[in-house]
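A.B. asks: Structure in structure tokens, see below.
The values are calculated or read from the model by the stated rules, or taken from the named source; none is laboratory data. The shown structure was predicted, so the numbers you read here are calculated from the model rather than taken from an experiment. Don't worry about glycine lacking a Cβ; one is built from the backbone with ideal geometry, like all the others, and counts go over all protein chains shown.
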Amino acid sequence: MIEYWQRLFGTAALAPHGFCLLWDPALIWTHVVADALIGLSYYSIPVAMAVFLTRRQDLQFRGVAWLFVAFILACGTTHFLSIWTLWVPDYGLEAVVKMLTALVSVFTAVALWPMIPRALAVPSPAELRLANDALRLRIAERDAALAALEHANAERQTAEAMLRQSQKMEALGQLTGGIAHDFNNLLTIVMANVARARRLASEETAIGASLDSALIGAERAARLTDQLLAFARRQPLRPEVQDFNEIVRGIADLSSRGLDTSIHLELDLAADLWPVEVDAGQAENALLNLVVNARDAMPEGGTLSLLTANVAAGSAGATDMISLIVRDTGHGMSDGVRERALEPFYTTKEMGRGSGLGLPQVYGFATQSGGSLSLESAPGAGTTVRLLLPRAGTIRS
Ligand SMILES: Nc1ncnc2c1ncn2[C@@H]1O[C@H](COP(=O)(O)OP(=O)(O)OP(=O)(O)O)[C@@H](O)[C@H]1O
Ligand SMILES: [Mg+2]
């Protein structure tokens, strides 16, 4: 074995490779330059690959790539040795390096073939781009579907809330209407009899004074039941064709004298407002209730706007309507207050200041006249009450 290595590395009996080339400078230097360029390139390529491989830890087939690095390095070394052996007959060293190169080449070749099907299965950049585009499209579709679902959900929740509110108002209306109606009949009897007793009692007696008080109380009770009947849409109405602008002007005129100077009154009335068929007294009452509410909501002053407009069929329903908007810049309502504001006897005002029958009267008047009422309000953002009333001649039952 020792002898084998001695013979392999023994150089005494050997001539350098340049000797075979007869030391012809043209041959010698062409070999030197070519081998040097190949060797340098072969050293540079694996260095670049090594830098790339260490930075990109995510790459597939890294093992084979490292084998390539070793293989090219070994090849480069054989070229440098070719230069060396031109002058020094180190053919043993050259043979060892060649053998190492051969081993690495064989390993690389063997490792390469089984890798080919796996490498072919890796999607190409163009395929990846296509897959990415398809994925992006599906994400966009999913986002759109989600947005549509959320929208539908929000719409369903709004519809459910509206249904709940109208069912509540309907139930309250039936209860209130039933009680107020019967109570009103009883009151009529009470009032008729008290009035008769009053006529029979002599002027100055204590009984006369008591009967006067009883009559005043009964009349108040009758007004109260009137308001309840208005909310329950059971108030007998005397609808007549009206120019609603006239009603608004009348109330505005009345209010401008009664309102605090810190409240600025603004009118914006449609010049060609369609006529409506409503009970003028109830309409005035409703408008007055809304103006008083707006005033109460602006203790520090603000702007009260009264607006009328035509609303053609289609945008707000199947019939032509007129809209009356009463808007204030007051303290507004919280969600809880807004949800209950139309209930009879619901008030946030202190005892004795509010009975909670204003908005119910407005609601009853609007619905009994074939229209509707909507409230828009938020704390600190003021309140907008919108009444829709059908254009005269387009009504209903
Ligand atoms: N413009 C408004 N701004 C803020 N809150 C309002 C407004 N209008 C009504 N509200 C709220 O709705 C509640 C009910 O109003 P509604 O007119 O039915 O009764 P009231 O004003 O309290 O009493 P009444 O009108 O019988 O004197 C009020 O107490 C108030 O809290
Ligand atoms: Mg009120």
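A.B. asks: Which ranges mark the helices (runs of 4 or more DSSP H) fully within the stretch 20-135 that have 3 or more residues being touching a strand residue (DSSP E or B) at 6+ places or on another chain (Cβ under 9 Å)?
C.D. replies: Numbers: elements: 25-55, 62-87, 91-121.
In the stretch 20-135, no matching helices (runs of 4 or more DSSP H) lie anywhere.
A.B. asks: All but one of (1) outside any loop (DSSP other than H, G, I, E, B); (2) surrounded by fewer than 21 Cβ atoms within 10 Å (Cβ to Cβ); (3) within 27 Å of the chain's Cα centre (by Cα) hold for V385; state the number of the condition that does not hold.
C.D. replies: (2)
So that you can scan it fast, the table gives a plain yes or no per residue for (1) in the same structural domain as F61 (by TED's automatic domain parsing); (2) within 60 Å of the chain's Cα centre (by Cα); (3) buried (at least 18 other Cβ atoms within 10 Å of the Cβ):
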position	(1), (2), (3)
G76	yes, no, yes
P89	yes, no, yes
K98	yes, no, no
P114	yes, yes, no
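A.B. asks: Let me ask something else about it. With A366, A313 as the choices, which residue is more than 9 Å from ligand 1 (Cβ to nearest atom), surrounded by 21 or more Cβ atoms within 10 Å (Cβ to Cβ), under 23 Å from L269 (Cα atoms) and in the same structural domain as V241 (by TED's automatic domain parsing)? It would help to see each step written out before you state the result.
C.D. replies: Details: A313 fails: surrounded by 21 or more Cβ atoms within 10 Å (Cβ to Cβ).
Checking each option against the conditions leaves just A366.
A.B. asks: Hey, could you check the stretch 329-340 for residues that are surrounded by 15 or more Cβ atoms within 10 Å (Cβ to Cβ) and small (G, A, S) and say which is nearest to ligand 2 (Cβ to nearest atom)?
C.D. replies: Within the stretch 329-340, the subset surrounded by 15 or more Cβ atoms within 10 Å (Cβ to Cβ) is 329-333, 337-340.
Still in the running and small (G, A, S): 330, 332.
Numbers: G330: 12, G332: 15 Å.
Only one residue fits best here, namely G330.
A.B. asks: Mind checking which residues of the stretch 170-192 are polar (S, T, N, Q) and either closer than 21 Å to L342 by Cβ or at pLDDT 90 or above (or both)?
C.D. replies: Let us first name the residues in the stretch 170-192 that are polar (S, T, N, Q), namely 174, 176, 184-185, 188.
Of everything in the stretch 170-192, those that are polar (S, T, N, Q) and either closer than 21 Å to L342 by Cβ or at pLDDT 90 or above (or both) turn out to be Q174, T176.
A.B. asks: If you don't mind, another one. What pairs come out if I take residues in the stretch 43-70 that are on the phi > 0 side of the Ramachandran plot and pair them with residues that are exposed (fewer than 15 other Cβ atoms within 10 Å of the Cβ) and not in a helix (DSSP H, G or I) whose C-beta lies under 9 Å away, six or more apart or interchain?
C.D. replies: Hits for this filter: F61/V122.
A.B. asks: Return yes when S355 is more than 21 Å from R223 (Cβ to Cβ) and not in a helix (DSSP H, G or I) and no when it is not.
C.D. replies: Values: more than 21 Å from R223 (Cβ to Cβ): no; not in a helix (DSSP H, G or I): yes.
Spelling it out, it is not the case that S355 is more than 21 Å from R223 (Cβ to Cβ) and not in a helix (DSSP H, G or I).
A.B. asks: Please pick out the residue among D268, D243, D253 that is surrounded by fewer than 20 Cβ atoms within 10 Å (Cβ to Cβ), among the charged types (D, E, K, R) and closer than 16 Å to R386 by Cα.
C.D. replies: On the way: D243 fails: closer than 16 Å to R386 by Cα; D253 fails: closer than 16 Å to R386 by Cα.
Only one candidate passes the filter, namely D268.
A.B. asks: Mind checking which residues of the stretch 325-351 are assigned to a loop (DSSP other than H, G, I, E, B), β-branched (V, I, T) and more than 6 Å from ligand 1 (Cβ to nearest atom)? Outline the logic, then answer.
C.D. replies: Of the stretch 325-351, the ones assigned to a loop (DSSP other than H, G, I, E, B) are 329-334, 341-351.
Cutting the leftovers down to β-branched (V, I, T) gives us 329, 347-348.
T329, the sole residue that qualifies.
A.B. asks: Of the residues R338, R353, which single one is charged (D, E, K, R) and modelled with pLDDT under 90? Give the derivation first.
C.D. replies: Values: R338 fails: modelled with pLDDT under 90.
The unique qualifying residue is R353.
A.B. asks: Considering only residues that are farther than 16 Å from F244 by Cα and within 16 Å of ligand 2 (Cβ to nearest atom), which ones fall in the stretch 290-326? I'd like the intermediate steps shown before the answer.
C.D. replies: Taking the stretch 290-326 as the starting set, the residues that turn out to be farther than 16 Å from F244 by Cα are 292-304, 312-319.
Those that are farther than 16 Å from F244 by Cα and within 16 Å of ligand 2 (Cβ to nearest atom): V292, N293, A294, R295, D296, A297, M298, P299, L304.
A.B. asks: Next question, about the same structure. Test each condition in (1) surrounded by fewer than 20 Cβ atoms within 10 Å (Cβ to Cβ); (2) closer than 21 Å to P360 by Cβ for V326 and report the one that comes out false.
C.D. replies: Exception for V326: condition (1).
To keep it simple, each residue is scored yes or no on (1) within 13 Å of ligand 2 (Cβ to nearest atom); (2) β-branched (V, I, T); (3) in contact with a Leu (Cβ under 6 Å, 6 or more places away or on another chain); (4) closer than 21 Å to Q282 by Cβ.
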| residue | (1), (2), (3), (4) |
| --- | --- |
| L342 | yes, no, yes, yes |
| R353 | yes, no, no, no |
| G358 | yes, no, no, yes |
| Y363 | yes, no, yes, yes |
| G370 | no, no, no, yes |
| L375 | yes, no, no, yes |
| L388 | no, no, no, yes |
| A392 | no, no, no, yes |
